[in-house]
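> Got a structure here, written out as structure tokens. Questions coming.
The values are calculated or read from the model by the stated rules, or taken from the named source; none is laboratory data. Please read all numbers here as calculations on a predicted model, not as lab measurements. Because the Cβ atoms are built from the backbone with ideal geometry, glycine has one as well, and the counts that use them run over all protein chains shown. For accessibility, only protein heavy atoms count, side chains too; no ligands or nucleic acids. Shrake-Rupley method; radii C 1.70, N 1.55, O 1.52, S 1.80 Å.
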Amino acid sequence: GGGFARAAGPGFVTLFNKEVIAQIIDVRKHTRSETVKANTRDGIPIEVTIFITFQVEKEEADMSPGNIVYRYEPDAIFHVNYAGTVIGGESASRWSDLVTPIAANLFITEIARYTLDQLYEVDSDGNGPKTEINKHVKRSLERNERLEGIEIFSVGSGIIVLPEAVREQRLKKWKAQWQREIILKKARGDAEVELRMKH
């Protein structure tokens, strides 16, 4: 009668009386990306592309009908069937399109906690604030009630893209630091030469 009745696997499926197909759900892994525009704590606008890999939750044990290749949790199918927003009786967005906008909003909030210099910091293992942001966003997605029935595998982010003016300013600052270092080393070298010549 227009409500969710059951999840039916692949192959030939006979519909019951008054039963209709709500939607076909791809239970394979999905990867989505989106470019996020955000401001750092010091007010600098940045762009970063985020990547999320997810799929419909799978059953722990293989209890799916006919031992199918892509297993699924029937309850998860129920949740993702109703995950899309409904406008005027028609689904406006599919369940697989919900993950990246939620992740993008989380990224915007997380990036605002760091200054631009902090975002570029990395430790000896190559980990930095971006690694922590990715982990925090993944945990938040896993706890989000709107994404019930969806298993989040990974959350990642690409390189930070800066506006041209900010990039030039950072380049000038970097050049100035190196030039200062060169002048200091040259002065030390000249002093050492003069001292040796006097000796």
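> What FRET efficiency would be calculated for the residue pair Glu59, Lys175, taking the C-beta separation as r and a Förster radius of 41 Å, to the nearest 0.05?
Given R0 = 41 Å and the Cβ-Cβ separation, E is 0.10.
> Place a label point 7 angstrom from the Cα of Asn81 along the Cα-to-Cβ direction, then list the residues of the stretch 126-165 whose backbone nitrogen is under 19 Å away.
146-151
> OK, next. Roughly to the nearest percent, how much of the accessible area of the chain is carbon and sulfur, given a 1.4 Å probe?
Carbon and sulfur atoms account for 54 percent of the accessible area of the chain.
> Right, here's the next one. Any idea what the dipole of the chain comes to, in debye rounded to 20, about its Cα centre with Lys/Arg Cβ at +1 and Asp/Glu Cβ at -1?
Value, rounded to 20: 1000 debye.
> From the list (i) 18.2; (ii) 11.8; (iii) 14.4, can you say which value of mean projected area of the Cα convex hull in nm² was derived from the structure given?
The value matching this structure is (i).
> Of the chain, which part is the longest with no GluC sites (Glu not before Pro) in a loop (DSSP not H, G, I, E, B) and with at most 15 other C-beta atoms within 10 angstrom?
Between the exposed loop sites, the longest stretch runs 61-120.
> While we're looking at this one, here's another question. With a 1.4 Å probe and every protein chain left in place, work out the accessible area per residue of the stretch 97-199 in Å², rounded to a whole number.
Per-residue value: 71 Å².
> Same structure again: Report ³J(HN,Hα) in whole Hz for each residue of the stretch 94-104, in order, from the Karplus equation J = 6.51 cos²θ - 1.76 cosθ + 1.60 where θ = phi - 60°; Gly and Pro get x.
Taking θ as phi minus 60°, the curve returns 7, 4, 6, 8, 7, 5, 5, x, 5, 4, 4 Hz for the stretch 94-104.
> Also: If amide H atoms are built 1.01 Å from N in the plane of the peptide, which residues on other chains or at least 5 residues away come under 5 Å of the amide H of Glu59?
The list, which skips near neighbours in sequence, is Tyr72, Glu73.
> While we're here: Please turn the phi angles of the stretch 151-163 into ³J(HN,Hα) values with the Karplus equation 6.51 cos²θ - 1.76 cosθ + 1.60 (θ = phi - 60°), one per residue in order, whole Hz, x for glycine and proline.
9, 8, 8, 8, 10, x, 9, x, 6, 7, 9, 9, x
> As a test of the formula, what do you get for the chain when each DSSP H run with n ≥ 4 contributes -39,500 (n - 2.57) and the sum is divided by the residue count, at 222 nm and rounded to the nearest 500 deg cm²/dmol?
About -12500 deg cm²/dmol.
> Most fluctuating residue of Ile102, Ile24, Ile133 in a GNM of the chain with Cα springs under 10 Å: which is it?
Comparing Ile102, Ile24, Ile133 in the GNM, the peak value goes to Ile24.
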